[in-house]
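Only one structure is covered here, and it is reproduced in the block below.
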Amino acid sequence: MASPSPQPIIDLAGVTKNFGTFQALKGIDATINEGEFFSLLGPSGCGKTTLLRMIAGFETPTDGTIMIGGQDMAGVPANRRPTNMVFQSYAIFPHLSVAENVGYGLKTRKLPKAEIAREVEQALQMVDLGGLGSRAAHELSGGQRQRVALARALVMKPKVVLLDEPLSALDKKLRDQMQVELRQLQQKLGITFILVTHDQEEALTMSDRIAVMFDGRIAQLATPEELYRRPADKRIASFIGVMNFLDAKAMGGMNGHLALDIPALGNIEMPSSLVPEGLDLQNIDTVGIRPEMLTILFEGSEQTEQVTTGTVTSTAYYGDMTYYSVRLPGHGEDVTISMRNTAGRSIAPAGSKVPVGWGADSIVLFQ
Amino acid sequence: MKSWLQLFSAKWLAVYAVAYMVFLYAPVILLPMFAFNDATVISFPLSGFTSKWFGVLWETEALHGAVRNSLIVGLSSAVLSTMLGACAARAAARYRFPLKRSMMSFIMLPLVLPEIIVAVALLVLLMQLGMPLSLVTVVLGHVLICTPFAIAILNSAFQGLDLSLEEASYDLGESRWGTFRRIVLPLVMPGVVSSLLITFTISLDEFIIAFFLTGTEVTLPVYIWSQLRFPTKLPSVMALGTILLALSVLLLILAEWFRRRAARKQGIEASATGGFA
């Protein structure tokens, strides 16, 4: 967020939703700021889509309040909310042309025809579909349908654009391209986007902030970097990226450092500033370390803070990266280590003993 | 052994198919044949071409009344049963309610109920209610048997309607009524037209219920039946039958054409939406 003092646009307080005896949402509290790209990330069934549909006005909360732009949305129907949605299926009206689809909402506002035509063309140009207004809806490709759905929402100039898994129907290459375009468009327009996705990579690359949801609750609300570097618990850590979990025990803190006994890596001290607040040291039983935070020290590589020795059990070559499975002493499972394939760096064969370097500040504590 | 069996079944399947078609359509072809035959007696050999039997129809006053009655009954039954069918199909597609399945089966029951039973039951009921027999009672009876057909046709139209289209419309600021007018109606229109055409055709052809429930004003099939008693009228009845046959076939083709065109326009495979005709 570039803006120095973020203005809240959506306020969720104690939002709960029951479907019969099933509790889909168990009290959601969150504030989403103006101009923010906010993602709701979680596995299917975590309640993220229900929450989005409640913001849109398609579902009514069982309890709690939803405020948009300082106004309580209780009793305000979907057609009078300052939000517009891009549906997962795109919901392009099949009997209307591209221009009629995009101009659909403007027509309900009873704007003059010429103005609608101008705004529609502007919106189409914004999503790189300029001049395609006369196309029939069924003549569009998947990517084009997605753009029409986006233009149809943006042309309404809503306070908030809601996106329900908008990229899940596209193939990988198109999806990557649309991620970049969506993000650029959002930053250019400065409109708040709320994205629902189960794809952690999508959430990480596009969002200003991410709310990770499990079982109807927000498990962690943080920036992508914070979420990746400092996941609040093991479940979040394994949901976002790859994480090596190692047994550990806290030996006690002194002089601003915390002493840890990690059988697989040895005894270390980590700065107390990296210990999350409210974490009971007695309960620490696991530490996590990302594959890229472990380094196989080839000859001539830079020195790292800590070094241990492991045995390569297998390798997976990905072109730009190589993923090693390495057995560390005192740990029952292999850890994953990712190494960038730079010029002149050979790939350690399976069975070879390698020095593994790491740093205490890359350790994440879990209880 | 296997190839012999295959040969046998392939050959006899073709014979069976041809025999079936002859059985099904030969009587129907006789109708126009004798309608254009220049003789009062319905028998072979044909004795020459004429269109005078159609001329006789034109001059029969009683027939005109029957045609008018049938049109009134057909149009009313088609509109009423299509409206009822649309409500039922919509409810079946959108809402979940207790006993939905058994309720839908009960609505569809008149489709397989013997018509004579329905006709007698309705007659008894109307007598009990003290309602005089008229075209209104015929319309009521026809709505009863047409509605299941309307539901069957409209079900596929409403089932194929993606709920998110309606949500998208609300989301873009449109009201419920506006959404119905701008999204739902245009998308189910082919089904509605198809239902109107088919229920009209059913009502136009229906005899038993019309026979039981009509008062002094007869519909076309009842009129035809009454004319069969007079051998001299037979060729003109054949002519009338030919017109009705052509009209029915035309209406059914039109109904199917509407449905397919709409499916094509939406980029859906026509067979996927489930045709009726």
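What follows draws every value from the coordinates through simple rules; no lab data is involved. Nothing here was measured: the structure is a model prediction, and the numbers come from that model. Glycine gets a Cβ as well: all are built from the backbone with ideal geometry, and neighbour counts include every protein chain shown.
Table for the structure above
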{"read-out": "Listed residues B:Leu185, B:Leu46, B:Leu13, most fluctuating in chain B (Gaussian network, C-alpha, under 10 Å)", "value": "B:Leu13"}
{"read-out": "Distance between region B:9-52 and region A:330-367 - C-alpha centres, whole angstrom", "value": "88"}
{"read-out": "Cα-based Rg and Dmax for region A:318-367, where Dmax is the largest Cα-Cα distance (Å)", "value": "12.9, 41"}
{"read-out": "Cα-based Kirkwood hydrodynamic radius, region A:57-97, one decimal, Å", "value": "12.3"}
{"read-out": "Test item: A:91-103 mean partner chain Cβ contacts at 10 Å", "value": "4"}
{"read-out": "Equivalent ellipsoid dimensions for region A:257-298 as semi-axes, Å, which come from the Cα gyration tensor, largest first", "value": "22, 12, 11"}
{"read-out": "Pairwise Cα inverse-distance average, inverted: Kirkwood Rh of chain A (Å)", "value": "23.3"}
{"read-out": "Shielding by partners, peptide B:227-238 (average Cβ within 10 angstrom, other chains)", "value": "0"}
{"read-out": "Cα-based reach from A:Lys26 at 14 Å (exclusive), listing aspartates and glutamates while leaving out same-chain residues under 8 positions away", "value": "A:Asp63, A:Asp215"}
{"read-out": "Unit Cα scatterers, Debye sum, region B:45-197: log10 I(q)/I(0) for q = 0.14, 0.17 Å⁻¹", "value": "-0.85, -1.04"}
{"read-out": "Rg/Rg_ref, region A:1-119, where Rg_ref = 2.2 N^0.38 Å and atoms are Cα", "value": "1.25"}
{"read-out": "Max mean-square fluctuation residue, GNM over chain B, Cα-Cα springs under 10 Å, options B:Phe34, B:Phe149, B:Phe97", "value": "B:Phe97"}
{"read-out": "Convex hull volume per residue for region B:1-91, taking Cα atoms only, in Å³", "value": "175"}
{"read-out": "10 Å Cβ neighbours from other chains, averaged over peptide B:122-133", "value": "0"}
{"read-out": "Whole-Å distance, taken between Cα centres, linking region A:232-267 and region B:133-175", "value": "63"}
{"read-out": "Net dipole in debye of region B:1-119 [+1 Lys, Arg Cβ; -1 Asp, Glu Cβ; about Cα centre; nearest 20]", "value": "960"}
{"read-out": "Dipole magnitude (debye, nearest 20) for the protein assembly as shown, charges at Cβ of Lys, Arg, Asp, Glu", "value": "2260"}
{"read-out": "Set of lysines with alpha-carbon distance to A:Lys107 below 25 Å, sequence-local pairs under 8 removed", "value": "A:Lys157, A:Lys159, B:Lys265"}
{"read-out": "Restricting region B:51-123 to trypsin sites (Lys or Arg not before Pro) in coil, as DSSP defines it, with at most 11 other Cβ within 10 Å", "value": "B:Arg96"}
{"read-out": "Whole-number D in µm²/s for region A:1-43 (Stokes-Einstein; Kirkwood sum over Cα pairs; 20 °C, 1.002 mPa s)", "value": "174"}
{"read-out": "Whichever aspartates and glutamates have a C-alpha closer than 17 Å to that of A:Lys249, once near sequence neighbours (fewer than 8 apart) are set aside", "value": "A:Asp233, A:Asp261, A:Glu269, A:Asp280, A:Asp285, A:Asp361"}
{"read-out": "Cα convex hull volume per residue for region A:156-312 (Å³)", "value": "196"}
{"read-out": "Sites A:Ala114 and B:Trp177, calculated FRET efficiency, Cβ-Cβ separation with R0 25 Å, nearest 0.05", "value": "0.40"}
{"read-out": "When the convex hull of its Cα atoms is projected in every direction, mean area for region B:105-186 (nm²)", "value": "7.7"}
{"read-out": "Long pairs among A:Lys17/A:Lys173; A:Lys48/A:Lys234; A:Lys110/A:Lys173; A:Lys48/A:Lys113; A:Lys48/A:Lys110; A:Lys110/B:Lys100, criterion Cα-Cα beyond 29 Å", "value": "A:Lys17/A:Lys173; A:Lys110/A:Lys173; A:Lys48/A:Lys113; A:Lys48/A:Lys110; A:Lys110/B:Lys100"}
{"read-out": "With eigenvalues of the C-alpha gyration tensor scaled by 5 and rooted, region A:61-156, Å", "value": "27, 16, 11"}
{"read-out": "Sequence ranges A:205-215, A:131-141, ranked by mean other-Cβ count within 10 angstrom, highest first", "value": "A:205-215, A:131-141"}
{"read-out": "Radius of gyration and maximum dimension Dmax of region B:200-266, Cα, Å", "value": "15.9, 53"}
{"read-out": "Pairs of alpha carbons in region A:153-243 whose separation is greater than 22 Å (percent)", "value": "31"}
{"read-out": "Cα-based Rg of the protein assembly as shown normalised by 2.2 N^0.38 Å, two decimals", "value": "1.43"}
{"read-out": "Equivalent-ellipsoid semi-axes of region B:152-256, from the Cα gyration tensor, Å, largest first", "value": "43, 14, 9"}
{"read-out": "Evaluated at q = 0.15, 0.21, 0.31 Å⁻¹: base-10 log I(q)/I(0), Debye formula over Cα of region A:130-186", "value": "-0.47, -0.91, -1.39"}
{"read-out": "Descending Cα extents along the principal axes, chain B, whole Å", "value": "70, 70, 33"}
